[in-house]
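**Q** Pasting in a structure now, in structure tokens, and then I'll have a few things to ask.
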Amino acid sequence: MDDKQEILREFADRLLPEKIRSRLESAAKTLPGGRVLRAGKTSQGRDVWMLTAGNLDRAVLYAGGVHAQEGITSEVLLLFAEYLQQGMEGENIFLVRRESFWNRAGLVLLPCLNPDGILMARPGWQANARGVDLNHNFDAGWEVCKKWEEEAGILSPGPTKYGGRKPFSEPESCLIKRLCNRRKFLRMIAFHSQGEEIYAGHGEKCDDTTATLGQLMEKLTGYRLCQPSESASHGGMKDWFYDTFHRPAYTLEIGKGCNPLPLQQAEEIFLQLRKLLLLFPLL
Ligand SMILES: [Zn+2]
């Protein structure tokens, strides 16, 4: 078995929906207002779980596991849940007391949007089980994205970059739409790998608040704020969130190397992102 296959199998085993649920429930029990809820189901009927905690009138969204080669993003978000569970190592978070943190901050943590794709454990396969790239399926410059796909010869379902027959054709993208419409998040981060990069706003659209916050995120992580490549400029979760709610939205390309990044890198990546993950809800 080659390395990639082995890495993917390891994630497929770790990221079974029931295991995700159980890890989130352990964390939820220890957090103010902590609950684990089903955000929806995938095209193959698997549950997509999320943890909610704190002041949900002021919640931010962290979503990972969008692409099937990026199980590392799910693992990093689960490590964050476990870090919260352990009491964040001490009473204060950067001079903010724990109680006031949870009064001020609300969190919705959805570690794995695409369990079907991740459980396929097929090298090179980024899409959901129906061969739709979820990050091309959101209604934000979808037609531009489709034109790029056609020029690149991507005309039908497959491993990567096919955006579907229409925006929101997939249950996974629809559940994010439903969740965001209901919760009115202050801001959000979609987690991808890899490159240690931050993308802000939608394509070239990025207001001052979103840009300034992006610069702060650079400082907190050591990642680089930059423009995504053409094929990743439209149709994504953060693009749709930014266009729809006019609130800060980011993609974080976590870690460095070649996808799929191995499980062993999760801890180190988490430590590099920990400050950001804690402070983002308070900003
Ligand atoms: Zn990705």
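**Q** Please tell me if LYS219 is in a helix (DSSP H, G or I), out of contact with any strand residue (DSSP E or B) (no Cβ under 7 Å at 6 or more places or on another chain) and crowded, with 19+ Cβ neighbours inside 10 Å.
**A** So LYS219 fails the test.
**Q** For SER156, indicate whether it is within 25 Å of TRP49 (Cα to Cα), more than 16 Å from the ligand (Cβ to nearest atom) and assigned to a loop (DSSP other than H, G, I, E, B).
**A** For SER156, the condition - within 25 Å of TRP49 (Cα to Cα), more than 16 Å from the ligand (Cβ to nearest atom) and assigned to a loop (DSSP other than H, G, I, E, B) - is not met.
**Q** Of the residues that make up the stretch 112-134, is at least one out of contact with any Leu (no Cβ under 8 Å at 6 or more places or on another chain) and modelled with pLDDT under 95?
**A** The answer is no, given that none of the residues of the stretch 112-134 is out of contact with any Leu (no Cβ under 8 Å at 6 or more places or on another chain) and modelled with pLDDT under 95.
**Q** Got at least one residue in the stretch 256-278 being touching a residue at least 40 places away in the same chain (Cβ under 8 Å), away from the ligand (no atom under 15 Å from the Cβ), under 14 Å from LEU61 (Cβ atoms) and surrounded by fewer than 19 Cβ atoms within 10 Å (Cβ to Cβ)?
**A** Applying the first criterion (touching a residue at least 40 places away in the same chain (Cβ under 8 Å)) to the stretch 256-278 yields 256-263, 265-267, 269-270, 272-278.
Among the residues that remain, those that are also away from the ligand (no atom under 15 Å from the Cβ) are: 262-263, 265-267, 270, 272-278.
This time we only want the ones that are under 14 Å from LEU61 (Cβ atoms), so: 277.
Checking which are surrounded by fewer than 19 Cβ atoms within 10 Å (Cβ to Cβ) leaves us with none.
No.
**Q** Taking the options THR52, THR73, name whichever one is touching a residue at least 12 places away in the same chain (Cβ under 8 Å), among the hydroxyl-bearing types (Ser, Thr, Tyr) and in contact with a Cys (Cβ under 9 Å, 6 or more places away or on another chain).
**A** One residue alone meets the criteria, THR73.
**Q** Working only within the stretch 119-147, note down all residues that are within 20 Å of ASP243 (Cα to Cα) and either within 16 Å of the ligand (Cβ to nearest atom) or not in a helix (DSSP H, G or I) (or both).
**A** ASP133, LEU134, ASN135, HIS136, ASN137, PHE138, ASP139, ALA140, GLY141, CYS145
**Q** Moving to a separate point now. Among the residues of the stretch 128-181 satisfying the criterion of being closer than 24 Å to LEU110 by Cα and aromatic (Phe, Trp, Tyr), which is nearest to the chain's Cα centre (by Cα)?
**A** It comes out as PHE138.
**Q** Taking the stretch 125-141 only, how many residues are surrounded by fewer than 21 Cβ atoms within 10 Å (Cβ to Cβ) and over 18 Å from GLN44 (Cα atoms)?
**A** Of the residues in the stretch 125-141, 1 are surrounded by fewer than 21 Cβ atoms within 10 Å (Cβ to Cβ) and over 18 Å from GLN44 (Cα atoms).
**Q** Examine the stretch 162-179 for a residue that is part of a helix (DSSP H, G or I) and acidic (Asp, Glu), and state whether such a residue exists.
**A** Yes, the stretch 162-179 contains a residue that is part of a helix (DSSP H, G or I) and acidic (Asp, Glu).
The values are calculated or read from the model by the stated rules, or taken from the named source; none is laboratory data. All of these numbers come straight from a predicted model, not from anything done at the bench. Using ideal geometry, Cβ is built from the backbone for each residue, glycine included, and neighbour counts are taken over all protein chains shown.
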